[in-house]
Amino acid sequence: MLKALRSLLPVLLVMLITGGRTLDSPVVMVAGVALCASLIEGIGGWLRYHYWVSGGELRVERGFFVRQRVAIPAERVQTVDISAGLLQRVFGLVKVEVKTAAGVQVVMSAISEAAAERLRSALGPQRSVSAAGDTETQGPAAPALHEVARYELTPRELLLAASTSGRLGVILSGMGWLYSQVDDFVEQRLLDLLSTLNLADSVSRLGPLVLLGIVVCTLLVAFVASVIAEVARFGGFSVVRTGNQLVIRRGLLERREVSVALDRIQAIRIVEGLLRQPLGYAAIIVETAGHADERGQSTPLHPFLHKSRWLQLLQELAPGHDIEPELTRPPARALSRFLVRPILMALLAAAFISVSVPFGWLSFVLALGAPALGWLSFRDAGVGVSGQTLMLTRRTLRRTTAIVRRRRIQFSESSSSWLQRRRGLADLTVAVASGTGGRPFSVPELDAELVDELVAWSSAAR
Amino acid sequence: MRASFGPDLRYGRRHHVRPKPAQSVDPKAVSLWRIEAALRVLALGVLTLLSVASLLTLTPFGAAPALVALALFLVFALVQIGFVPQVRYKHWRYQVDAQELDIQFGVFVVRRTLIPLVRVQHVDTQQGPLSKQFGLSSVTVSTAAGSHVIPGLSDAAADQLRDHISALARVARESL
């Protein structure tokens, strides 16, 4: 029903925009017909939406005017997402998205929580435990297997995670956009206000101070907003492994629940943000085929975990993804290549800023950070093999470590420019399935022969 | 860590350098790429002419900047049409064996890609109107993490490669 209402929205909007003025125009007639049609389609579609699981297949029949029948074999299901937006939570309902490697296949906008839970256990890896066709008789949300491991966030960790999320920039640009929308209006009001209060000349005297105050206030507001947004996003986080299935829950206002079978994990990524790395914390991300969240990003397996517990988490939640502590680093002859690019970029950017902004030459001070970043990227790049897993580490701004099992590598690549070949260097890339496309992981400036061997290792028969 | 590479992988040794993939693309591809380059250059040429014309009318330096721009464009066109397709052909290599597809291309930046055949999801051949005149096709090999194109194969070679990869991929998957 929710879905029906929502699909009516555009039509209602058209009515609101055009309807007020010209009630008898053909546009309104068409809109009226469209409204009726979509009302019938919405309600009829809802009445005629049926799904069931039989013979190891999810079957869906939907649509009123256009009937659609969908069948998805359970072994093709990559993840089952359950989410509840504010609207759904008001009605005590949830939305279920069944995803295969080809993307989202089935969306049920509003079903009861118990039904969603039943559906998930019917499509999950435990399906082999219960006899085929037996799934209907299982009680709601009664997992047959015991809980193997559980991770949660303490309130302190949640706050720390939210304040080091590095999403300040996103919020700031959002605010900048908002400001640009109301710019003229606000500016005029502000000037009026200042002139009525007769503050105009005191402001011009205190000009720089006021400006600084505004900047600090803006940053503060943006920071608080970003913290609140992240707390809402990751509040109530938990990841639980029962049997061979992971269930990741998060969200304070909009609840999201992703379930991934262990054998659906394509790769693990450990992302250490610039602010988080000094504290020893990182986000652990799980790559799965066909799946991405509302921002098109992969699922966090744990949003904020201290490095002392990474190994334990991987062993418990993603067995087979080992951490290889001893990485092979780029050779010393690669150092200059790590330094040259950031320095050149920083100088160019600083030169550009100097020309276009007053006091822009101050940005040359910031450019001093470039060699440091180059050095860090050199020090942090590395690759290692342990058993059947490949571990790749690199730094752009944040440090990313990818852990990939050999049999999940879709292709591997070495790439070397003319300048690199002169020094016997090459970049290594391996790609895994992720989302609806792939995700490449690469390490720059490694020894060329090592890269050749790793490329061969990655694609070797096994 | 070195030990974990297995017996056939000891890095830092010259003896395990893999030879280049054996197959070249069809020599006719050079002519095709020349014509494609010429079409691209032609489109760019129109833009260049327009900007040269505006340079002539707008700047006070006379004909000099326009002539420099024109000369640069001619050099660019010559390189693109006369030189690049030939070199590109020389450096495009591929090879299929029972386990993997091996692709290498590029002149300044050399890329070498290995695709295990077990990972191949599907293979198709394509042909545009221009390549049809030359009897050339390209083969696209798709995995779950993206696709790779081998351009400029003769129709027969492309069909054969497509069927070959498809058959090998099936065998490799079944023996897994």
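The values are calculated or read from the model by the stated rules, or taken from the named source; none is laboratory data. All values reported here derive from a predicted model rather than from experimental measurement. We place every Cβ from the backbone using ideal geometry, glycine too, and count neighbours over all the protein chains shown. What goes into the accessible areas is simple: the full protein's heavy atoms, side chains included, and nothing from ligands, DNA or RNA. Shrake-Rupley method; radii C 1.70, N 1.55, O 1.52, S 1.80 Å.
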> For B:Ala77, what is the net charge nearby, where nearby means another residue's Cβ is under 14 Å from its Cβ and Lys, Arg count +1, Asp, Glu -1?
Replying inline: +1
> Which parts of region A:352-386, residue by residue, lose 30 Å² or more of accessible area when the rest of the protein chains are there, as against the chain isolated (1.4 Å probe)?
Replying inline: A:Val385
> Considering only DSSP states other than H, G, I, E and B, which GluC sites (Glu not before Pro) in region A:287-359 qualify as loop sites with at most 13 other Cβ atoms within 10 Å?
Replying inline: A:Glu294, A:Glu326
> Between A:Trp418 and A:Leu348, what FRET efficiency comes out of the Förster formula 1/(1 + (r/R0)^6) with R0 = 25 Å and r the beta carbon distance, rounded to 0.05?
Replying inline: 0.70
> So which residues in region B:111-151 end up with at least 40 square angstrom less accessible surface once the other protein chains are there, compared with the chain by itself, probe 1.4 angstrom?
Replying inline: B:Arg111, B:Arg112, B:Leu114, B:Pro116, B:Arg119, B:Ala144, B:Ala145
> Mean separation of Cα pairs under 8 Å and 6+ residues apart, divided by the residue count of region B:99-176: what relative contact order is that in percent?
Replying inline: 27
>> Give me the 1.4 Å probe accessible area per residue for chain B, excluding ligands and nucleic acids, in Å².
In response: 57
> When ligands, DNA and RNA are left out and all protein chains stay put, how many square angstrom of accessible area per residue does region A:250-393 have with a 1.4 Å probe?
Replying inline: 46
>> Quick check: the distance between the Cα centres of region B:89-166 and region A:302-376, to the nearest angstrom?
In response: 36
>> List the residues, sorted by chain then number, that are 5 or more residues from A:Gln410 or on another chain and whose placed amide H is less than 5 Å from its amide H.
In response: A:Ala431, A:Val432, A:Ala433
> What is the sum of charges around A:Ser165, taking Lys and Arg as +1, Asp and Glu as -1, for the other residues whose C-beta is under 12 Å from the C-beta of A:Ser165?
Replying inline: +3
> Got a number for the accessible area of A:Ile111? Probe 1.4 Å, square angstrom, nearest 10.
Replying inline: 20
>> One quarter of the convex hull surface, Cα atoms only: what value does that give for region A:276-373 in nm²?
In response: 10.3
> Once you put a point 7 Å from the Cα of A:Ala232 and another 7 Å from the Cα of A:Val90, both along the Cβ direction, what distance in nm separates them?
Replying inline: 1.6
>> How large are Rg and Dmax for chain B when calculated on the C-alpha trace, in angstrom?
In response: 22.2, 74
> Which distance in nm do the two modelled labels at A:Glu57 and A:Leu397 give, with both placed 7 Å along the Cα-to-Cβ direction?
Replying inline: 4.9
> Considering only protein heavy atoms and a 1.4 Å probe, what is the carbon-and-sulfur percentage of the accessible area of region B:105-154?
Replying inline: 54
>> Could you tell me the calculated FRET efficiency between A:Ala37 and B:Ile35, based on Cβ-Cβ distance and R0 = 60 angstrom, to the nearest 0.05?
In response: 0.75
>> If you split all Cα-Cα distances of region A:317-435 into 10 Å bins from zero, what percentages do you get per bin, shortest first?
In response: 12, 33, 29, 18, 8, 1
> What quantity of accessible surface, computed with a 1.4 Å probe and excluding non-protein components, is buried in total between chains B and A, in Å² to the nearest 100?
Replying inline: 2800
>> Net charge within 12 Å of A:Glu316 by Cβ-Cβ distance, Lys/Arg positive one each and Asp/Glu negative one each, not counting A:Glu316 itself?
In response: +2
>> Translational diffusion coefficient of region B:91-143 at 4 °C, 1.567 mPa s, Stokes-Einstein with Kirkwood Rh over Cα pairs, in µm²/s as a whole number.
In response: 103
> Hey, what did chain B get for relative contact order, percent, Cα under 8 Å, at least 6 apart?
Replying inline: 20
> Out of region A:31-90, which trypsin sites (Lys or Arg not before Pro) are coil in DSSP terms and have no more than 16 other C-beta atoms within 10 Å?
Replying inline: A:Arg48, A:Arg67
